[in-house]
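The values are calculated or read from the model by the stated rules, or taken from the named source; none is laboratory data. Bear in mind that the values here come from a model prediction, so they are computed numbers and not experimental data. Reconstructed Cβ throughout: ideal geometry from the backbone, glycine too, with neighbour counts over all protein chains shown. Ligands, DNA and RNA are stripped out before the accessible areas are found, and what is left, the full protein with its side chains, is counted by its heavy atoms. Shrake-Rupley method; radii C 1.70, N 1.55, O 1.52, S 1.80 Å.
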Amino acid sequence: MAGVTATGMAGVPATFSSATAQIGGFLSKKPYAPPLWATHLSPMPCHTFSLGHFPTPIHKWNLPNLPEGTEVWIKRDDLSGMQLSGNKVRKLEFLMADAVAQGADCVITVGGIQSNHCRATAVAAKYLNLDCYLILRTSKDPGLVGNLLVERLVGAHVDLVSKEEYGKIGSVALADLLKKRLLEEGRKPYVIPVGGSNSLGTWGYIEAIREIEQQIQQSSDVQFDDIVVACGSGGTIAGLALGSRLSSLNTKVHAFSVCDDPEYFYDYVQGLIDGLNSGFDSHDIVSMENAKGLGYAMNTAEELKFVKDIAASTGIVLDPVYSGKAVYGLLKDMAGNPAKWKGRKVLFIHTGGLLGLYDKADQLSSLAGSWRRMDLEDSVPRKDGTGKMF
């Protein structure tokens, strides 16, 4: 599907290929032209930076125990890059362009100690020669694994706050406090909200809908009835839901919330799409389901075993914080309401986050299987050119 030539869809570039495939295309600034079906939305971004490897592939996903006639396909936004992987990259393409346009010399953002968004922001900032300041919440010694390790390697400035401090003060006030201090030092900070989820960041997944639209056009035998995704900060689902309703897809969008309750996200998404003057009610364009379980970034043994079993049976590794909980919730809903999903073609958006697995290593160790020492007979002869230590 990826990298093929489009055939004249309105508002779509003539060639369907990744800008990053061109020499010098990656990290380049480019003018932004929205899909024709989104030209009435405002404010409209002027430029983006090419930070991700797009389009990401879509393929069939042979999940077990699906309802009769149901097909699940998966869009691999986990393959949008390594250091800059997952759904956050699509938002950052717009947000970082705005930061540069405003003359910022550094960016500030906020998240959990293993925030995928904060790691992606730290890497993107360094790519664009900006300093990055992160405010991370944690209730324990964070160690140096996963996303936090990458952030430290690329030189991000990290300030830690407790979960209690975060809950009392809030992400907006914390970012404003750090911004004030940096301004007093003569810096020019640009604040990116939690998850990159504001109205500007929403354009990332409006653009993703155009990408899916193009991929479907190149595979005329595939049409999707539903799009399913995890919801952690609201921007991804706002862009998917709005884009799906405005575009030719017109698929039903389902979001499985992994932290706050569905009503919170209906309200938050409403604010994002109101910020684009869309005229829609969030309840009409997305169905929210609760999949937070024990809470954000907290997993039951059953959820972790599910992540392991899906990896072992299909080769797709889900992160336990976002996509793992979303697929767990999806298959539970399919099992409990098979008639609702019977015969439908479902597209699941894998939003990445695999570095977060390292924070769950202790909990996963008993599930991931063990190893054994290879039994070597003393009589096994050595062959030249193999087994040498350098």
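At a glance:
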{"quantity": "Filtered residue count, the range 318-343, keeping only those that are part of a loop (DSSP other than H, G, I, E, B) and surrounded by fewer than 18 Cβ atoms within 10 Å (Cβ to Cβ)", "calculated": "3"}
{"quantity": "Given (1) of a type in the set (Lys, Arg); (2) under 30 Å from THR39 (Cα atoms); (3) modelled with pLDDT under 95, index of the condition ARG210 fails", "calculated": "(3)"}
{"quantity": "Hits in the range 146-168 (condition: loosely packed, with under 15 Cβ neighbours inside 10 Å and more than 21 Å from LEU130 (Cα to Cα))", "calculated": "SER162, LYS163, GLU164, GLU165, GLY167, LYS168"}
{"quantity": "Residue count, the range 63-82 (criterion: farther than 22 Å from ALA339 by Cβ and of a type in the set (S, T, N, Q))", "calculated": "1"}
{"quantity": "Residue within the range 164-175 that is farther than 25 Å from GLY275 by Cα and among the aromatic types (Phe, Trp, Tyr) present", "calculated": "yes"}
{"quantity": "Residues being under 24 Å from GLY167 (Cα atoms) and not in a loop (DSSP other than H, G, I, E, B) - total across the range 129-145", "calculated": "6"}
{"quantity": "Qualifying positions in the range 161-194 - touching a residue at least 40 places away in the same chain (Cβ under 8 Å) and of a type outside the set (Ser, Thr, Tyr)", "calculated": "LEU174, ALA175, LEU178, LYS179, LEU182, ARG187, LYS188, PRO189, VAL191, ILE192, PRO193, VAL194"}
{"quantity": "Positions within the range 223-261 being among the β-branched types (Val, Ile, Thr) and open to solvent by less than 10 Å² (accessible area, probe 1.4 Å), in sequence order", "calculated": "ILE227, VAL228, VAL229, THR236, ILE237, VAL253, VAL258"}
{"quantity": "Residue tally, condition outside any helix (DSSP H, G or I) and free of Cβ contacts under 8 Å to residues at least 12 places away in the same chain, over the range 292-317", "calculated": "4"}
{"quantity": "Matching residues, the range 350-362, being on the phi < 0 side of the Ramachandran plot and open to solvent by less than 90 Å² (accessible area, probe 1.4 Å)", "calculated": "HIS350, THR351, LEU354, LEU355, GLY356, LEU357, ASP359, LYS360, ALA361"}
{"quantity": "Selected residue (criterion: modelled with the lowest pLDDT) from residues of the range 344-359 that are among the aliphatic types (A, V, I, L, M) and in a helix (DSSP H, G or I)", "calculated": "LEU357"}
{"quantity": "Selection count where residues are small (Gly, Ala, Ser) and open to solvent by 30 Å² or more (accessible area, probe 1.4 Å), scope the range 189-222", "calculated": "1"}
{"quantity": "Subset of the range 269-291 (residues that are in a loop (DSSP other than H, G, I, E, B) and either among the hydroxyl-bearing types (Ser, Thr, Tyr) or free of Cβ contacts under 8 Å to residues at least 40 places away in the same chain (or both))", "calculated": "SER278, GLY279, PHE280, ASP281"}
